[in-house]
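Worksheet: one structure, shown below.
Just so it is clear, none of the values below were taken in a lab; they were calculated from the coordinates. The structure presented is a predicted model; accordingly, all values stated were derived computationally and were not measured. Using ideal geometry, Cβ is built from the backbone for each residue, glycine included, and neighbour counts are taken over all protein chains shown.
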Amino acid sequence: MPVYEYDCAACGERTEITASMAAETDAVTCSACGSADVRRHYGSVAIVGSRHAAPAPGALRAVDGGDLTRDVARRYARDTKDPAIAEISRRAERGAGPDELRQIVNEAKADRETRARKGGAAT
């Protein structure tokens, strides 16, 4: 279950509650002073992939950005049949870094803009 954090306007303390995403969290009070004048605190988020065993409850693990990029590119290429994304996916699988992938994206954008201008001028 997610952990929600609230900052108390009365005493400045931060209160944490664990609740399901569907649970109502309107009736939260400060655990230090009991004030109902609390504001939701939005912190960082951890992403846990399904490719590996889940961590213990409450534990976080590092996520490899390269794995995430390859997975997103692979799924997008499969779902859209976009040849530029398919090429990005292939290069990512072969270990291309962010700079090389960014270059491929920029080239694909430039190519599409050129085609759009030519197509727009022809009609």
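Compute the signed sum of charges (Lys and Arg +1, Asp and Glu -1) over the other residues within less than 9 Å, Cβ to Cβ, of residue 15. Display every interim value, and only then the final one.
Working: positive: 14; negative: 5, 7, 13, 16.
It works out to a net charge of -3.
Below 8 Å between Cα atoms, with a sequence gap of 6+, how large is the relative contact order for the stretch 65-122 in percent?
The normalised contact order for the stretch 65-122 reaches 25 percent.
Using the Cα centre as the reference, give the magnitude of the dipole from point charges on the C-beta atoms of the stretch 65-122 (Lys, Arg: +1; Asp, Glu: -1; all else neutral), rounded to the nearest 20 debye. Walk me through the intermediate numbers first.
Details: 14 positive and 11 negative charges, 50 e Å.
I would put it at about 240 debye.
Describe numerically, in nm with one decimal, the distance between label points set 7 Å from Cα along Cα→Cβ at residue 29 and at residue 86.
Between residue 29 and residue 86, the label points sit 6.2 nm apart.
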